[in-house]
Amino acid sequence: MGLKILPAKFRTRLFYSTLLAGSMICPVMAAEDALVDAAIVSYEPVYFEKFSPVTLLDMLQRIPGVPEVLNNNRRGGNQRGFGGGGDQILIDGKRLAGKSNNINDALSRISADQVAKIELIRGATSGLDVQSQGLVINILLVEGGSKSSTFWKAMGEYTFGHKFLPQFLISHSGSAGNLGYTISAETKNDNGYRPRHEIFYDNNDVETGTRDVEHEFKFKGYKFTTNLNYAFENGSELRINGLYEPNGFDYHETRAEYGDDPDNVIWDQDRNNSRWEVGGDFSTDLGALGRFKTLFVVNRNSEDTEIDRTRDYIDPLFIYANEFTNEVNSEKILRSSTIITLWGEQSIELGGEAAITTFEKTFESYSRDIEADPLDLESLDNVDIKENRYEVFAIYNYNISPELLLQSSLTTEFSKIIADNIFQDGTFDRRDTAFTYFKPRVDLRYDYTDVDQIRGTIEKKVSQLRFDTFVTSYDAQNDQYSAGNTDLRPTQTWEFTLAYEHRLPNDTGSLEGKAYYHYRKDHQTRIDFTDYYDYDGNPVSVDEFFALPPDMALRDTIDFTPSQGNIDHAYIYGVDLKSNLRMGFVGVPEAVLSLGYRFEKRRSMDQFTQMMRNFSRHSNNVFNVNFRHDVTKWGFAYGFDVEAKSNWATYDINYYQPQSPAAAIKAFAEYNLKSGIKMRIDLLEITGKEGHTTTFRYVDHIRFDELNVREERENKRPRAVQISLQGNF
């Protein structure tokens with residue numbers, strides 16, 4: 001009798017049902033110290049004693065669902081001001097006053113004995129420093145603790161085929177009276193390479209050549225941070241933090257071609273940047289006028305890049321092109337508000353935010369055909385931008401009942417952008433634009449049992465403009481210029497979200513599902529900036545041009561130009577499923593398995609083909625698996641993380657580039673050598689692959705559908721090993 005296999009959808013249901021049933025039947029000893037109510041799960045120090053944590057980050061990694069939030073924080077985001085959404089991390093109910101100064105770095109510098117409690121807050125909650133429809137992690141530190149501690153970390157990374165490079169971090173925390181402080185210094189080193197092999201085919205699918213690319217990079221930097229906090233006798237609190245980070249990058253890339261008409265190229269890039277930031281917040285009680293808080297950030301980032309492109313490996317070897325880029329940007333933000341308690345379970349926060357952003361960038365490109373010629377200026381773009389943005393906001397919280405919370409807000413934004421294109425003779429072309437946006441938000445949280453929660457959110461958002469897209473740049477992957485556009489507008493998005501979460505008994509984990517729909521206006525994508533003409537030189541639209549009879553002579557007079565621009569609309573919809581499960585039902589109560597699946601469609605009109613497509617570089621399906629097992633009796637832990645994405649593609653005026661990404665797999669093992677000292681080994685890029693890319697390059701414009709060449713590219717990502725020692729004293 002043959003073995004019958006259930007269909008995939010039933011196997012998935014059976015798997016989750018088994019996990020759920022097992023978790024409900026088998027209470028987990030490791031979770032007995034977690035304190036649970038309908039919206040908040042609290043973890044006190046006794047919960048973590050068996051894990052012997054060294055830092056606050058060690059503690060957070062033991063809580064189901066939190067490692068995913070930490071990973072998302074590392075990825076960063078396109079944040080506009082200090083509006084909060086999604087998952088958030090707070091310290092004593094307040095966000096870190098900084099944008100460059102990363103919260104994850106601060107978590108790794110706080111010793112475990114400074115933590116009084118960790119709260120996991122799900123959904124909208126009044127009294128916190130953020131609005132969030134996701135998970136809020138609120139870390140409460142020990143009050144009045146006078147103990148000083150020093151955290152140190154020595155780490156090295158070895159990329160296979162390259163040398164081992166050390167890195168060091170030292171951080172000291174202490175207090176003097178009402179003043180608490182943390183200072184830290186870090187050295188960073190990294191190197192590696194990204195090899196790839198390419199095969200070229202002509203439009204008749206005949207192989208014409210191959211190319212081997214070896215991309216090597218070296219990085220060295222330093223990072224200095226400080227955090228100060230002062231508690232006044234009247235209950236007021238002041239916190240200041242600072243960051244200074246100089247970095248240097250060197251890139252060396254060789255492109256060796258074989259076959260028909262080979263072109264061997266060497267690219268060398270030298271890039272140096274430096275950034276600093278100072279941020280802070282102050283809060284005080286105004287009595288009947290409520291609780292006043294203010295927050296500020298001032299930062300500056302500068303970067304210089306020089307690229308030399310050399311042709312041929314043998315004589316005559318000469319630089320045929322070079323590029324120079326200089327960029328300086330800065331930001332100043334001030335946000336103040338007052339929280340007033342109204343009658344009953346109601347409160348309102350009234351305030352405003354002001355932000356001034358400046359951006360200066362110059363791009364110069366020089367080239368020549370033969371060594372005897374001078375390097376002539378080929379492209380010059382110089383942009384000077386200033387944005388002034390002001391917001392007034394009101395946030396209303398109403399605890400309708402112990403189970404039902406309503407949070408609503410209205411933010412009105414006024415912004416003005418002045419963008420100057422400065423020409424070589426000193427003249428300039430100015431864009432002076434003003435925007436006004438109304439950004440409402442409504443959050444509803446309903447705890448219909450102690451372990452079941454429904455959350456709904458409706459919100460309008462406005463994106464932060466990426467000013468570097470205002471300036472011409474060089475696309476190294478496709479060996480072509482990318483024109484800048486100073487007429488870009490922020491993208492406006494209406495977001496509709498409905499989420500359900502179920503917490504399993506005895507803190508054995510949680511199951512969560514979320515469905516959402518986003519409607520975008522002024523969506524940013526690649527668009528056709530070409531000036532089209534007919535046979536008589538009369539301007540015509542793009543559709544009129546492509547309706548003309550094919551004529552190569554006419555096409556030769558057209559400068560086909562793509563750039564980043566705005567289109568009327570786009571939309572996103574999807575479903576996000578997550579589960580975090582302690583493995584007590586299989587006899588491993590100290591192990592946690594996290595599973596995630598996201599299905600998401602991002603659709604817009606391709607401006608070159610007039611077809612509906614996914615956004616560039618977007619995968620419809622993403623799978624995540626995270627596993628961690630703490631063997632506390634041995635002071636040992638191990639685990640792995642897997643992320644797999646479905647195929648995605650990029651599009652432009654003259655190419656279409658689908659890619660099959662490889663799964664990203666990493667693993668770790670760590671061991672507590674003695675009290676306060678831990679050794680850890682991380683294995684990175686275990687597959688050694690990045691994926692396969694096919695590029696279809698077309699003559700002039702993809703709409704002509706005249707294939708010029710097809711490229712098959714195999715991308716590799718060499719394996720690496722990180723070894724670290726860390727401790728406190």
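Is it true that some residue in the range 505-525 is more than 25 Å from the chain's Cα centre (by Cα), farther than 19 Å from ASN654 by Cβ, surrounded by 19 or more Cβ atoms within 10 Å (Cβ to Cβ) and charged (D, E, K, R)? Yes - at least one qualifying residue is present in the range 505-525.
Only one entry in THR341, THR362, THR358 is surrounded by 15 or more Cβ atoms within 10 Å (Cβ to Cβ), of a type in the set (S, T, N, Q) and farther than 27 Å from GLN464 by Cβ, namely THR341.
Do any strands (runs of 3 or more DSSP E) entirely within the range 624-667 hold 3 or more residues that are modelled with pLDDT under 95 and either more than 23 Å from VAL709 (Cβ to Cβ) or under 19 Å from the mean Cα position of the chain (by Cα) (or both), and if so, which?
Per the criteria, 636-645.
Scanning the range 427-476 for residues that are at pLDDT 90 or above, among the small types (Gly, Ala, Ser) and touching a Ser or Thr at 6+ places or on another chain (Cβ under 6 Å) gives a single hit, SER463. Of the strands (runs of 3 or more DSSP E) lying entirely inside the range 540-621, the ones with 1 or more residues being of a type in the set (Phe, Trp, Tyr) and at pLDDT 90 or above are found at 562-583, 588-605. When we screen ARG582, ARG555 for residues that are surrounded by 12 or more Cβ atoms within 10 Å (Cβ to Cβ), under 26 Å from SER379 (Cα atoms) and of a type in the set (Lys, Arg), the only hit is ARG555. Taking the listed residues SER401, SER408, SER415, the one that is outside any strand (DSSP E or B) and either of a type in the set (Ser, Thr, Tyr) or in contact with a Pro (Cβ under 7 Å, 6 or more places away or on another chain) (or both) is SER401, with no other qualifying.
Of all the residues in the range 254-304, those that are touching an Asp or Glu at 6+ places or on another chain (Cβ under 6 Å) and touching a residue at least 60 places away in the same chain (Cβ under 8 Å) number 5. Taken together, ASP268, ASP281 contain a single residue that is more than 30 Å from ALA394 (Cβ to Cβ), assigned to a strand (DSSP E or B) and among the charged types (D, E, K, R), which is ASP268. In the set (1) in a strand (DSSP E or B); (2) within 30 Å of ASP281 (Cβ to Cβ), TRP343 fails one condition alone, (1). Might you check whether a residue that is in contact with a strand residue (DSSP E or B) (Cβ under 6 Å, 6 or more places away or on another chain), among the small types (Gly, Ala, Ser) and closer than 30 Å to ARG455 by Cα occurs anywhere in the range 550-573? So far as the range 550-573 goes, yes, one or more of its residues are in contact with a strand residue (DSSP E or B) (Cβ under 6 Å, 6 or more places away or on another chain), among the small types (Gly, Ala, Ser) and closer than 30 Å to ARG455 by Cα.
Can you go through ASP487, ASP443 and tell me which one is out of contact with any Asp or Glu (no Cβ under 7 Å at 6 or more places or on another chain), not in a strand (DSSP E or B) and not polar (S, T, N, Q)?
Answer to the check: ASP487.
A residue that is among the polar types (S, T, N, Q), touching a strand residue (DSSP E or B) at 6+ places or on another chain (Cβ under 9 Å), modelled with pLDDT of 65 or more and more than 26 Å from SER330 (Cβ to Cβ) cannot be found anywhere in the range 84-107. ILE677 fulfils the conditions (1) more than 26 Å from PRO166 (Cβ to Cβ); (2) more than 28 Å from the chain's Cα centre (by Cα); (3) not small (Gly, Ala, Ser) except for a single criterion, (1). Each residue in the range 662-685 was checked for being without any contact (Cβ under 8 Å) to a residue 60 or more places away in the chain and surrounded by fewer than 16 Cβ atoms within 10 Å (Cβ to Cβ), and 9 pass.
The values are calculated or read from the model by the stated rules, or taken from the named source; none is laboratory data. Owing to the predicted nature of the structure, the values given are computational and were not obtained by experimental measurement. When we count neighbours, we look across all protein chains shown, and the Cβ atoms used for this are built from the backbone with ideal geometry, even at glycine.
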